[in-house]
Amino acid sequence: MTQTGPGQLTSLQGAGNKLQSGRRQDVYRPKKGWGMPPSHDYDLLVIGSGPAGQRAAIQGAKLDKRVAIVERTSVLGGICVNLGTIPSKTLREAVLELSGYRSREFYGASYTVKQNITMQDLLVRTNKVIQHEIDIARHQLMRNGVELISATASFCGPETVQLDFMDGSTARKVTAHKIVIAVGTDTTRDPQIPLDGRHVFTSDDILKLDRLPRTLSVVGAGVIGCEYASIFAALGVRVTLIDKRNRLLPFVDEEIIDTLCYHLRENRVTLRLNESVQSIDVAEDSDGPGSRVRLHLESGKTIVTEKALYSVGRSGATSRLGLDQCGLACDERGRLVVDEHYRTKLPGVYAVGDVIGFPSLASTSMEQGRLAVCHGFGVSARSVPALFPFGIYSVPEISMVGKTEEELTQAGIAYEVGKARYREIARGQIIGDITGLLKLIFHCETRELLGVHIIGDGASELIHIGQAVLSFGGTIDYFINTVFNYPTLAECYKVAAFDGINRIGTFHEADAADPPAAE
């Protein structure tokens with residue numbers, strides 16, 4: 001695997017995918033597969049090599065099918081590995097480490113590990129992690145006998161796909177018994193917005209920034225917008241977060257969002273909610289051309305900033321697929337409609353991952369890829385989408401699973417809550433996070449756990465304890481009767497459970513039956 005520089009990652013050509021006269025010469029041989037109709041080149045063809053595509057391809061290989069995965073760019077991993085999940089989360093860790101953010105509770109607001117942090121400092125860690133993830137993905141696919149094809153795929157029919165190879169001069173048509181579309185998304189771009197990748201940019205451009213700005217405006221307070229707004233604010237950048245809705249992240253529990261807003265304001269983030277951007281222009285001043293960005297809001301306000309992150313969502317990357325050739329159509333955001341088995345209206349064509357819309361998480365995309373392939377080949381597999389956890393890597397971190405208070409209130413379900421704050425837990429004091437919160441929601445009568453919501457350090461790891469209890473229909477008594485390591489953040493579950501029990505004022509009495517008499 002070769003590395004050509006920052007942001008320039010491993011090419012599939014280096015993985016033995018040489019193209020000669022439109023035919024691939026592989027350095028390894030994929031599995032032959034069982035039961036493949038003679039008229040098909042592959043049992044399973046996966047379009048896209050992100051988390052959903054990788055998991056779908058490997059699941060097909062585990063079922064001893066002949067599998068190929070098609071990737072139109074020169075690198076494996078899709079947006080998740082190269083521009084999205086992995087880079088943003090690694091960037092976040094680098095920021096928290098170099099800025100000393102986690103230690104400021106002990107050493108003061110001015111504490112920092114490194115003075116004058118630059119984009120290059122942050123990219124050292126980010127590029128290394130990206131390289132490693134690409135190498136791991138390539139190795140896993142090859143080890144499982146999945147054929148890697150560097151080409152752009154487009155449908156010619158329900159079972160036929162044309163592959164236009166990366167050299168631009170060769171192409172061929174292949175057929176597959178089952179096809180999985182896992183092409184992911186592209187950033188939504190407005191032609192009226194002057195996106196130049198330098199002054200006004202999208203989340204896909206962040207790794208290419210020449211320097212950290214002093215001021216930044218973020219247009220769109222979705223998951224991506226909130227994450228980057230909080231990350232840059234942790235570096236001391238003056239951030240303005242703009243969104244047309246009246247609250248951040250409506251699918252998250254309101255109390256958790258209130259806590260996030262408090263933290264953002266503490267880090268000098270200005271929230272402009274119920275505001276829409278009418279236009280953006282790059283202005284000139286005494287510092288030189290293009291040194292200021294002006295955002296004109298529909299309310300008449302004007303925000304002047306050094307750089308602007310345009311983050312109004314993502315659209316399905318389906319424009320190159322030639323969907324009309326196979327009878328499929330996408331919605332106005334480029335997304336595909338699927339049933340509960342992730343099957344499109346064509347029986348042999350499935351769609352998984354971000355291209356089918358919410359929740360657009362790497363973790364759920366992987367599971368969708370697995371389930372789709374199992375269904376396609378008649379293998380029993382089950383999952384519980386209602387219990388998929390959500391992780392939002394803002395500063396502070398947020399994670400949730402199950403129902404929110406708002407959902408339960410709307411459904412007319414009687415519930416109570418139990419809360420534990422990190423400041424009550426020894427581990428919270430040790431790590432310097434005294435503002436974290438863990439919240440349990442449970443049924444008033446049965447005490448069945450209904451939802452878990454966490455904001456604070458380690459939230460996305462801590463959530464899985466609650467997820468496990470939810471999956472077997474457990475009650476909050478589980479946490480009361482369980483001993484957790486000390487000192488750990490997991491103790492929050494026990495504290496929150498006791499808090500909840502105190503609110504309803506009932507304890508289950510232990511069995512007081514007399515022991516049997518000795519014979």
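The values are calculated or read from the model by the stated rules, or taken from the named source; none is laboratory data. The structure displayed is predicted, hence computed values, not measured ones. Here Cβ is always computed from backbone atoms with ideal geometry, including for glycine, and neighbour counts include all displayed protein chains.
Of the helices (runs of 4 or more DSSP H) lying entirely inside segment 1-119, those containing at least 2 residues that are of a type in the set (S, T, N, Q) and modelled with pLDDT of 95 or more are 51-62, 85-99. The single residue among 391, 378, 334 that is of a type outside the set (Phe, Trp, Tyr) and either farther than 28 Å from residue 249 by Cα or assigned to a helix (DSSP H, G or I) (or both) turns out to be 378. The set of residues from segment 54-73 being basic (Lys, Arg) and surrounded by fewer than 23 Cβ atoms within 10 Å (Cβ to Cβ) comprises 62, 72. Evaluate segment 185-194: report whether one residue or more is in contact with a helix residue (DSSP H, G or I) (Cβ under 7 Å, 6 or more places away or on another chain), closer than 21 Å to residue 53 by Cα and at pLDDT below 95. Within segment 185-194, one or more residues are in contact with a helix residue (DSSP H, G or I) (Cβ under 7 Å, 6 or more places away or on another chain), closer than 21 Å to residue 53 by Cα and at pLDDT below 95.
Among the residues of segment 278-299, those identified as in a strand (DSSP E or B), charged (D, E, K, R) and at pLDDT 70 or above are 281, 284, 292, 294.
Do we have residue 412 as under 25 Å from the mean Cα position of the chain (by Cα), under 23 Å from residue 474 (Cα atoms) and at pLDDT 95 or above here? The answer is no for residue 412. Between 180, 174, 239, 218, the distinction of being at negative phi, part of a strand (DSSP E or B), touching an Asp or Glu at 6+ places or on another chain (Cβ under 7 Å) and not polar (S, T, N, Q) belongs to 174 only. So which residues in segment 449-492 are buried (at least 23 other Cβ atoms within 10 Å of the Cβ), in a helix (DSSP H, G or I) and out of contact with any strand residue (DSSP E or B) (no Cβ under 7 Å at 6 or more places or on another chain), if there are any at all? Scanning segment 449-492 gives a single hit, 479. Condition first: closer than 22 Å to residue 431 by Cα and among the basic types (Lys, Arg). Can you find one or more residues in segment 113-125 that meet it? The answer is yes; a qualifying residue exists.
Residue check: is residue 235 within 30 Å of residue 457 (Cβ to Cβ) and touching a strand residue (DSSP E or B) at 6+ places or on another chain (Cβ under 6 Å)?
On the way: within 30 Å of residue 457 (Cβ to Cβ): yes; touching a strand residue (DSSP E or B) at 6+ places or on another chain (Cβ under 6 Å): no.
In short, no.
When segment 145-183 is limited to residues that are in contact with a Pro (Cβ under 9 Å, 6 or more places away or on another chain) and under 21 Å from residue 73 (Cβ atoms), the one that is surrounded by the fewest Cβ atoms within 10 Å (Cβ to Cβ) turns out to be 147.
Test residue 306 against the criterion of being without any contact (Cβ under 8 Å) to a residue 40 or more places away in the chain and touching a Ser or Thr at 6+ places or on another chain (Cβ under 7 Å), and give yes or no. No: the conditions fail for residue 306. Just checking, does segment 306-314 include any residue being aliphatic (A, V, I, L, M), crowded, with 17+ Cβ neighbours inside 10 Å, at pLDDT 95 or above and not in a loop (DSSP other than H, G, I, E, B)? Looking through segment 306-314, at least one residue is aliphatic (A, V, I, L, M), crowded, with 17+ Cβ neighbours inside 10 Å, at pLDDT 95 or above and not in a loop (DSSP other than H, G, I, E, B).
Here's a check for you: in segment 74-128, which residue that is touching a Ser or Thr at 6+ places or on another chain (Cβ under 9 Å) and free of Cβ contacts under 8 Å to residues at least 12 places away in the same chain is surrounded by the most Cβ atoms within 10 Å (Cβ to Cβ)? Of everything passing the filter in segment 74-128, 111 is surrounded by the most Cβ atoms within 10 Å (Cβ to Cβ). Restricting segment 434-453 to residues that are modelled with pLDDT of 95 or more and closer than 30 Å to residue 109 by Cβ leaves a set whose member that is nearest to the chain's Cα centre (by Cα) is 453. With respect to the conditions (1) farther than 29 Å from residue 451 by Cα; (2) in contact (Cβ under 8 Å) with a residue 60 or more places away in the chain; (3) in contact with a Gly (Cβ under 9 Å, 6 or more places away or on another chain), residue 235 lacks only one, and its number is (3).
Here the condition is being in a helix (DSSP H, G or I), buried (at least 16 other Cβ atoms within 10 Å of the Cβ) and in the same structural domain as residue 498 (by TED's automatic domain parsing); of 371, 408, 440, it holds for 408 alone.
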